[in-house]
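What follows is calculated from the coordinates using simple rules that are stated; it is not laboratory data. A quick note: this is a predicted structure, and the numbers were derived from the prediction, not measured. Neighbour counts are summed over all protein chains in view; Cβ atoms, including those assigned to glycine, are modelled from backbone coordinates with ideal geometry.
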């Protein structure tokens, strides 16, 4: 098992280097407010009169997450108020409060793609004065890239993850196959066979609901898998040429030509929903973040436990690519109680909290010490560890753009226009390229 853990470190270190190479240019450092640093763990809770507010979506408030939040309330004495809003409203409400410098939210999640914008704008409270040498030595390089910016710590890791390709091995066996699809062409062929034999109506599960980041993730993955690039060496958009157009055409074909993706995918949002579709026997293939097999093959949580496995992503001419996406927890720069927020943050996103979430839900940890834990090590095999490790060397990265959120919204709009038959792929991507050049000019790049 020690060898397995060492392999995790090696793979994640390699990924950390790749992420560093794609990091944005340094931006003005947020202004730090002086603060007295106190030890995080005290015998008696220090903040019994403090209430912190977190913004989250319904999918984020899982049974395990709620249990962890309550445990941290008991340990710290802090009361946590969770404002739950629809997934598509979280970012808008958060940014509205932060841009107005309001103390509405004390804690929030931050994705690696959003960290440059938030940190450069001064929205995240710098945590270097709190982060100990032990923590700096413990964090995985991959996870560190998701919570640091311009050399400063802006959060603690949460779900240091990438997508894995999950398949239903029983369905494939019933269809006469003894291996998962190794290429996209083979996936399409197998999916058509599964349909024809009545095993499953829509074998490939995607969630391409409007205004949903997963659309951009999947498009980026397919472009890379087909051997394409999104931008040239000078930063000019080239996704409206060659493989970029082929990738979008492929998304359309899987839904409307081969009919292996449910048309309802254009209204589906959430990785948990994709997983549930698979566990309900309504899909054979899916890309999922984290360590999904810990739930999907758990007899207490899944009616089809034992049917699922992980394989390397289907390959195109460019390789067997998936997508990386580490996240973190951050403290608002405008929180009235940043010291209390740090204490709560350590409880929920430190090694203890991450171990709890890994054992309960398979949420991938960002700490080496968690991977070394005997209970966690035993679970890694159940999580499809070897295949996941192999995938870690084939991960596409979304572009590090100062205007990423606006660009991604443009990608989502373009893909949705094609999937809903409003535009052809070439037209939609030509329009997106024009929009991208406008964003570049706007941000002075």
**Message:** Going by average Cβ density within 10 Å per residue, which order do the peptides 308-316, 237-245 take, highest to lowest?
**Reply:** 308-316, 237-245
**Message:** From the P(r) of region 352-393, could you give the percentage of C-alpha pairs in the tail past 16 Å?
**Reply:** 29 percent
**Prompt:** Restricting attention to the alpha-carbon atoms of region 355-426, what are Rg (one decimal) and Dmax (integer), both in Å?
**Reply:** 18.9, 53
**Message:** Can you say what percent of the DSSP beta bridges in the chain, counting only those with both residues inside, are antiparallel? Round to 5.
**Reply:** 65 percent
**Asked** Tilt of helix 184-196 relative to the longest C-alpha principal axis of the chain, in degrees (0 to 90, nearest 10)?
**Response** 70 degrees
**Item:** Projected area averaged over orientations for region 152-266, convex hull of C-alpha atoms, nm²
**Value:** 10.0 nm²
**Message:** Could you tell me how many cubic angstrom of Cα convex hull volume region 79-139 has per residue?
**Reply:** 133 Å³
**Request:** Find, to one decimal place in angstroms, the Kirkwood hydrodynamic radius of the chain, where the mean of 1/r is taken over every pair of different Cα atoms and then inverted.
**Result:** 22.6 Å
**Request:** Inverting the mean 1/r over all pairs of different Cα atoms, compute the Kirkwood radius of region 232-301 and quote it in Å.
**Result:** 14.7 Å
**Item:** Cα-based Rg and Dmax for region 210-251, where Dmax is the largest Cα-Cα distance (Å)
**Value:** 10.2, 31
**Message:** Please compute the alpha carbon radius of gyration of region 220-377, then divide it by the globular-protein estimate 2.2 N^0.38 Å. Two decimals is fine.
**Reply:** 1.31
**Asked** What's the angle, to the nearest 10 degrees (0 to 90), between helix 243-252's Cα axis and the longest principal axis of the chain?
**Response** 80 degrees
**Message:** Given a Förster distance of 41 Å, report the FRET efficiency between residue 99 and residue 300 from their Cβ-Cβ distance, rounded to the nearest 0.05.
**Reply:** 0.40
**Request:** Could you work out how far helix 63-76 tilts from the main Cα principal axis of the chain, as a 0 to 90 degree angle to the nearest 10?
**Result:** 10 degrees
**Asked** Based on the Kirkwood radius over alpha-carbon pairs, what is the Stokes-Einstein translational diffusion coefficient of region 101-208 at 10 °C with 1.306 mPa s viscosity, in µm²/s?
**Response** 89 µm²/s
**Message:** Report the Rg/Rh value for region 255-339, based on alpha-carbon coordinates and the Kirkwood definition of Rh.
**Reply:** 1.10
**Request:** On each of the three principal axes of the Cα atoms of region 44-164, give max minus min coordinate, whole Å, ordered largest first.
**Result:** 36, 36, 33
**Message:** Going by Cα centres, region 53-85 and region 142-196 are how many Å apart?
**Reply:** 28 Å
**Prompt:** In a solvent-free Debye calculation with one equal scatterer on each Cα, what is log10 I(q)/I(0) for region 315-445 at q = 0.14, 0.15, 0.16 Å⁻¹, listed in the order of the q values?
**Reply:** -0.95, -0.99, -1.02
**Asked** Using a Gaussian network model of the chain with C-alpha springs under 10 Å, which one of 202, 435, 118 is most mobile by mean-square fluctuation?
**Response** 435
**Message:** Let's test this: bin the Cα-Cα distances of region 329-377 at 10 Å from zero up to the farthest pair and state each bin's percent.
**Reply:** 27, 43, 23, 7
